[in-house]
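Participant: Structure in structure tokens, see below.
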Amino acid sequence: MPQRKGRGNWGKNKGKSGRGGGNNWSTERKSYAEVPKVNEQFERLYNDMSIVPEGEEREQFWAALRRELPNSFRFCGSKGHALAVQKNLDEHFIPQIKSMKFDDQTVEPPMPITWYPNQLAYYMTTPKNVIRKFPPFAAFQKFLVSETAVGNISRQEAVSMIPPLLLDVQSHHTVLDLCAAPGSKSAQLVEMLHAGEESRIRKATKQHQDAQADPAGAADETVEGNDWSDDGRATGLLVANDVNYQRAQMLVHQVKRLNSPNLIVTNHDATMFPSIELPADPVPAGTKKQGKWLKFDRILADVPCSGDGTCRKNPNIWKDWIPGNGLGLYITQVRILVRALQMLKVGGRVVYSTCSMNPVENEAVISSAIDRCGGIEKVNIVDVSDQLPELKRYAGLKQWKIMDKEGRLWNSWEEVEDAKSKKFEASLERVVPGMFATAGHDLPLDRCVRVYPHQQDTGGFFITVLEKKSEIRAKPETETKATNNTPSVVSIAKEIVAKPESDGVIPKLETIEDYAPRSTDHTVETGTASAAQRQNKEAIADIDTASNKRGLEDVGDSAAQDIKRARTEKDEGAGPGAVGEVGQMEHWPMPPSAPLRHDEVTPDEPAAAAAAGGSRGRRNNQPHEEAFKYLTPDHEELDGIFDFYQLSSRFPRDRFMVRNALGNPVKAIYYTTALAKDILTKNEGRGMKFVHSGVKMFVKQDAQGQDICRWRLQSEGLPIVEGWAGENRIIRCYKQQTLRKLLIEMFPRVSGEHWKELGEIGEKAKDIGMGCCILRVEPSDQEDGFKERLTLPLWRSISSLNLMLPKEERRAMLLRLFKDESPLIDHSQQPNRKNGPAADSTVSATSAPETVNDSDGGVALNDVDDDMEDADATAPVGASGVGTEEDAMATEDALRAKQQEIVDVDQAVAAAPEREGETDEANTTV
Ligand SMILES: C[S@@+](CC[C@H](N)C(=O)[O-])C[C@H]1O[C@@H](n2cnc3c(N)ncnc32)[C@H](O)[C@@H]1O
């Protein structure tokens with residue numbers, strides 16, 4: 001974004017809030033403008049340190065911080081489809097918006113963010129409430145909402161897009177996002193894993209088809225790119241984690257839109273993220289198998305922070321900013337970063353980021369973490385000055401000051417020690433040596449990146465890229481300047497005992513006590529306890545509070561209790577020196593699970609299910625997650641599916657799983673990558689808290705007719721598998737008018753002579769067997785052809801053919817592909833079909849479907865897009881056993897309700913604060 005002095009036309013209206021008509025736009029704008037934007041300590045800290053030079057630029061800095069933030073959004077980089085959506089913005093909406101006037105003012109259209117690669121991100125200064133409420137924006141608003149719901153657009157603050165861009169993710173990478181909710185950066189990371197995948201898969205499937213047709217003549221097209229090992233599919237993985245369960249659910253919603261099988265969502269405290277076990281490598285007979293642990297190529301540590309760089313969208317920060325906020329987070333931030341570096345492969349990258357401008361949460365954390373990991377020879381700060389060349393930025397600070405709780409500024413730890421030696425200083429309690437820049441410690445902290453609000457009209461942000469140069473053994477906190485503790489006997493003993501890791505294999509230590517973070521809970525807190533002990537106790541409390549209040553006890557996690565119990569026993573003997581060592585171990589265990597009590601086993605799940613690793617019972621109020629159980633490749637349901645769709649034997653059969661403890665395919669079958677499968681199966685029952693994984697690929701269908709497969713393809717999973725399906729279930733479409741008709745008309749008839757009305761696809765539609773099939777929209781150079789490739793699920797019943805798409809998605813596609821806002825026509829809404837089709841505008845989304853007399857006899861589309869997991873493996877499938885279009889309509893209604901739910905949740909996610917203490921109103925994404 002270019003540097004901007006004002007906020008364009010909308011900003012000029014700030015003073016005009018009393019304008020006639022009393023529109024909401026004025027009122028809401030006023031509320032932002034009215035929040036007082038002064039805070040003496042906040043302003044003094046940054047002015048005193050001169051983070052921006054005095055004079056005109058400093059004025060611009062503060063003026064920008066006092067302005068409301070522009071909205072921003074970006075297009076999904078990995079989907080060809082999303083690029084067509086972007087074209088729609090450029091060619092349709094932007095010219096439309098440019099011609100609009102509101103209150104005699106021109107309206108500023110979305111503009112590309114210049115530093116974002118491939119012009120995929122945009123910003124817009126028009127306030128979101130104007131977009132929502134000013135009628136000429138209605139179509140644009142609809143476009144944003146529907147494209148966001150299906151994953152083509154992500155609404156995200158501009159500066160928040162930087163950290164993933166600097167992580168340099170490739171499709172075979174194992175990536176960890178340690179503090180991921182609400183998930184905007186995770187979504188970006190998932191997209192990066194899938195970059196280039198569509199064209200790779202197309203090449204791989206084409207080559208396979210060619211080879212089948214002519215084994216001698218097929219050309220090998222799989223020459224470019226780096227990820228052919230799985231027929232072009234991305235082999236990497238994102239583990240997205242958040243300590244807060246509710247926020248982890250938002251994260252799931254956010255990333256689920258992208259339909260990635262390369263994703264696992266977890267729910268752990270990042271300071272002690274458990275080591276993930278992998279299946280051991282094969283060894284020669286008679287040799288003992290070595291434990292193998294996952295290490296990551298890339299880790300994002302977008303840590304909890306005080307968030308003062310977000311005061312443009314969260315004006316309350318002006319009122320609430322106190323120096324203690326940043327001080328209190330420092331230890332947690334260092335622990336998260338050290339844990340990230342421990343879990344990183346040698347040669348891998350960690351990106352550390354905050355939306356705070358305070359060096360105590362930024363350069364001090366970087367410097368302390370590098371110190372704990374053995375210095376710059378072990379962990380280097382990467383020079384990224386040549387990356388994102390258009391991005392204006394400031395270098396990281398090499399000198400800074402620490403503001404104590406009373407607002408006094410300190411230059412060095414020596415000054416603090418001197419003051420403390422004279423009298424007890426309560427306000428210095430949280431100040432520790434590691435917070436200060438150390439003279440003579442020549443870390444290239446200038447390679448850190450600071451982005452200030454006036455530079456590109458954004459929020460403030462801090463980003464640092466770290467590279468692990470060699471294996472590390474993190475020093476215990478007590479032995480570093482992060483705290484002022486002296487080393488404990490226990491920690492020294494551990495350093496001697498701990499075995500070095502090699503080749504990405506971390507040796508497994510034996511006892512829980514070895515890993516357990518030291519609790520101060522049972523350490524006698526006396527007047528003589530050291531400041532470090534008190535500090536550490538507060539720091540542990542900080543994990544609980546700063547991590548959105550989900551600490552050891554809060555999670556209701558029996559594992560946490562076990563850890564506490566274990567460390568308590570040890571601490572009793574260890575004395576005060578044992579405190580302050582949280583996070584020192586390289587290898588953290590899974591939190592152990594408490595055994596399920598008999599009275600916790602629910603009646604519908606026998607004890608056998610619990611024994612099988614099921615999770616129907618709630619343990620100590622721990623959130624309930626269904627098990628992830630993989631089907632054996634020779635499972636009979638898979639036989640049926642592979643036969644019906646004539647799926648190539650080359651498509652992997654061992655990656656299908658279900659979400660119930662008994663492992664029975666009841667409602668839905670999900671697909672994951674091989675690595676996700678290895679992780680989910682190997683770590684089952686070890687206490688790892690998996691919250692989500694897998695793309696729904698097949699959904700159980702009530703359908704009559706002998707030859708119909710009861711498993712229909714779900715649109716989420718279709719792109720993954722469709723290239724491997726046989727011609728018998730494919731209908732090809734080349735002409736725009738064919739697809740347009742299928743989008744506008746629901747349940748068009750194929751019986752009798754009606755099939756002719758379907759044009760180019762009529763004959764195939766007439767002849768294809770009943771059940772689920774695939775509509776392949778092929779691109780061509782014809783005038784009435786398509787520029788983009790599309791694949792959609794269809795259902796052929798006795799008398800009709802129907803695209804299995806929710807109404808909202810039909811409308812979004814009509815708008816995007818044909819600029820068409822026609823009402824949908826529902827042919828199933830005609831008793832006896834004698835009175836002509838019903839236009840969609842007359843159909844109530846919530847009304848019970850009318851009775852349809854002429855049963856189509858083929859299918860009852862139950863549970864379409866039902867996100868409920870297979871809660872009960874023994875439940876009967878479907879209710880009626882007789883399929884009618886009535887059922888199908890009920891399905892459409894369910895879909896529509898679901899779609900609405902998606903939009904609602906999406907709006908909630910978009911409004912969810914990224915940072916502690918932000919209000920929902922604070923979020924200004926469109
Ligand atoms: C700045 S936000 C992350 C924003 C996110 N990366 C995004 O782009 O949407 C910080 C997140 O860290 C989580 N968090 C706080 N303490 C944590 C901890 N100890 N371990 C893991 N997550 C933590 C919070 O719940 C919060 O969701």
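Participant: Please count how many residues of segment 370-406 are outside any loop (DSSP other than H, G, I, E, B) and within 30 Å of Ala121 (Cβ to Cβ).
Facilitator: Residues in segment 370-406 being outside any loop (DSSP other than H, G, I, E, B) and within 30 Å of Ala121 (Cβ to Cβ): 4 in total.
Participant: Considering segment 261-295 alone, what residues qualify as being away from the ligand (no atom under 16 Å from the Cβ), in a loop (DSSP other than H, G, I, E, B) and within 22 Å of Leu176 (Cα to Cα)? Steps first, answer last, please.
Facilitator: Initial filter on segment 261-295 (away from the ligand (no atom under 16 Å from the Cβ)): 261-262, 277-295.
Keeping just the survivors that are in a loop (DSSP other than H, G, I, E, B) gives 261-262, 279-291, 294-295.
Matches in segment 261-295: Pro261, Asn262, Pro279, Ala280, Gly291, Leu294, Lys295.
Participant: Moving to a separate point now. Return yes or no: is Glu429 within 21 Å of Trp321 (Cβ to Cβ) and among the charged types (D, E, K, R)?
Facilitator: yes
Participant: Given Thr738, Thr791, which one is of a type outside the set (Lys, Arg) and part of a helix (DSSP H, G or I)? Outline the logic, then answer.
Facilitator: Details: Thr791 fails: part of a helix (DSSP H, G or I).
Matching residue, one of Thr738, Thr791: Thr738.
Participant: Given the conditions (1) buried (at least 21 other Cβ atoms within 10 Å of the Cβ); (2) over 21 Å from Ser353 (Cβ atoms); (3) under 25 Å from the mean Cα position of the chain (by Cα), report the number of the one that Pro112 does not fulfil.
Facilitator: The failed condition is (1).
Participant: Select, from Val365, Val431, Val360, the only residue that is in a loop (DSSP other than H, G, I, E, B), aliphatic (A, V, I, L, M), in contact (Cβ under 8 Å) with a residue 24 or more places away in the chain and within 13 Å of Tyr330 (Cα to Cα). First the steps, then the outcome.
Facilitator: On the way: Val365 fails: in a loop (DSSP other than H, G, I, E, B); Val360 fails: in a loop (DSSP other than H, G, I, E, B).
Unique residue meeting the criteria: Val431.
Participant: Would you check which residues across segment 441-470 are assigned to a loop (DSSP other than H, G, I, E, B) and within 20 Å of Val379 (Cα to Cα) and list them? Let's see the steps before the verdict.
Facilitator: So in segment 441-470, the residues assigned to a loop (DSSP other than H, G, I, E, B) come out as 441-444, 448, 452, 457-460, 469-470.
Within segment 441-470, His441, Asp442, Leu443, Pro444, Cys448, Lys469, Ser470 qualify.
Participant: Another question, then. Inside segment 794-819, can you point out the residues that are more than 30 Å from the chain's Cα centre (by Cα) and part of a strand (DSSP E or B)? Can you show your working first?
Facilitator: Within segment 794-819, the first condition is being more than 30 Å from the chain's Cα centre (by Cα), and the residues that meet it are 795-802, 818-819.
Correct list: Trp795, Arg796, Ser800, Leu801, Asn802.
Participant: When you check Ser693 against the structure, is it more than 15 Å from Leu792 (Cα to Cα) and touching a residue at least 12 places away in the same chain (Cβ under 8 Å), yes or no? Spell out how you get there, then give the answer.
Facilitator: Details: more than 15 Å from Leu792 (Cα to Cα): yes; touching a residue at least 12 places away in the same chain (Cβ under 8 Å): yes.
In short, yes.
Participant: Is it fair to say Asp230 is away from the ligand (no atom under 12 Å from the Cβ) and touching a residue at least 60 places away in the same chain (Cβ under 8 Å)?
Facilitator: Working: away from the ligand (no atom under 12 Å from the Cβ): yes; touching a residue at least 60 places away in the same chain (Cβ under 8 Å): yes.
When the stated conditions are applied, Asp230 passes them.
Participant: Oh, and also: Just name the residue that is farthest from Gly726 (Cα to Cα) out of those in segment 631-649 that are among the small types (Gly, Ala, Ser) and in a loop (DSSP other than H, G, I, E, B).
Facilitator: Within segment 631-649, the first condition is being among the small types (Gly, Ala, Ser), and the residues that meet it are 640, 648-649.
Right, trim to in a loop (DSSP other than H, G, I, E, B) and you get 648-649.
Working: Ser648: 7, Ser649: 11 Å.
Here the residue is Ser649.
Participant: Taking segment 164-192 as the search range and keeping residues that are small (Gly, Ala, Ser) and either in a strand (DSSP E or B) or within 23 Å of Leu329 (Cα to Cα) (or both), which one is farthest from the ligand (Cβ to nearest atom)? Give the derivation first.
Facilitator: Keep residues of segment 164-192 that are small (Gly, Ala, Ser), which gives 171, 180-181, 183-184, 186-187.
Applying the additional criterion that residues be either in a strand (DSSP E or B) or within 23 Å of Leu329 (Cα to Cα) (or both) yields 180-181, 183-184, 186.
Details: Ala180: 5, Ala181: 4, Gly183: 5, Ser184: 4, Ser186: 7 Å.
Here the answer is Ser186.
Participant: Taking segment 302-327 as the search range and keeping residues that are part of a loop (DSSP other than H, G, I, E, B) and closer than 20 Å to Ala181 by Cα, which one is nearest to the ligand (Cβ to nearest atom)? Steps first, please.
Facilitator: Within segment 302-327, the first condition is being part of a loop (DSSP other than H, G, I, E, B), and the residues that meet it are 303-307, 311-315, 321-322.
Still in the running and closer than 20 Å to Ala181 by Cα: 303-307, 311, 313-314.
Working: Val303: 6, Pro304: 4, Cys305: 6, Ser306: 10, Gly307: 7, Cys311: 15, Lys313: 13, Asn314: 12 Å.
If we take residues in segment 302-327 being part of a loop (DSSP other than H, G, I, E, B) and closer than 20 Å to Ala181 by Cα, then Pro304 is nearest to the ligand (Cβ to nearest atom).
Participant: Give me the pairs: first residue in segment 288-304 and within 13 Å of Asn241 (Cα to Cα), second residue away from the ligand (no atom under 15 Å from the Cβ) and assigned to a strand (DSSP E or B), beta-carbon distance under 7 Å, and six or more apart or on different chains, which are they?
Facilitator: Ile299/Leu344
Participant: Return a yes/no flag: does segment 393-401 have any residue that is in contact with a Phe, Trp or Tyr (Cβ under 9 Å, 6 or more places away or on another chain) and more than 24 Å from Leu341 (Cβ to Cβ).
Facilitator: Residues of segment 393-401 that are in contact with a Phe, Trp or Tyr (Cβ under 9 Å, 6 or more places away or on another chain), as a first pass: 393-394, 396, 400-401.
Cutting the leftovers down to more than 24 Å from Leu341 (Cβ to Cβ) gives us 394, 401.
Yes, the conditions are met somewhere in segment 393-401.
Participant: Pairs under 7 Å by beta carbon, first residue within 19 Å of Gln706 (Cα to Cα) in segment 780-800, partner surrounded by 12 or more Cβ atoms within 10 Å (Cβ to Cβ) and basic (Lys, Arg), six or more apart or different chains?
Facilitator: Taking only residues 6 or more apart or on different chains, the pairs are Trp795/Arg712; Ser799/Arg749; Ser800/Arg749.
Participant: Quick one: which strands (runs of 3 or more DSSP E) lie wholly within segment 650-697 and hold at least 2 residues that are touching a Phe, Trp or Tyr at 6+ places or on another chain (Cβ under 7 Å) and surrounded by 22 or more Cβ atoms within 10 Å (Cβ to Cβ)? If you could, list the steps in order and put the result at the bottom.
Facilitator: Numbers: elements: 656-658, 668-671, 690-693.
So the answer is 656-658, 668-671.
Participant: Then there is this: Sort out which residues of segment 197-211 are over 17 Å from Gly726 (Cα atoms) and either surrounded by fewer than 19 Cβ atoms within 10 Å (Cβ to Cβ) or of a type in the set (Asp, Glu) (or both), and write them in order of number.
Facilitator: Kept after step one, since they are over 17 Å from Gly726 (Cα atoms), are these residues of segment 197-211: 197-200.
Across segment 197-211, the qualifying residues are Glu197, Glu198, Ser199.
Participant: Being at pLDDT 95 or above and of a type in the set (Asp, Glu) is the filter; apply it to segment 262-282 and report the residue that is farthest from Gln249 (Cα to Cα).
Facilitator: Among them, the one singled out is Glu277.
Participant: On to the next question. Might you let me know whether segment 200-218 holds any residue that is at pLDDT 90 or above and not charged (D, E, K, R)?
Facilitator: Going through segment 200-218, the residues at pLDDT 90 or above turn out to be none.
No, every residue in segment 200-218 fails to be at pLDDT 90 or above and not charged (D, E, K, R).
The values are calculated or read from the model by the stated rules, or taken from the named source; none is laboratory data. None of the values given here were measured: they were computed from a predicted structure. Because the Cβ atoms are built from the backbone with ideal geometry, glycine has one as well, and the counts that use them run over all protein chains shown.
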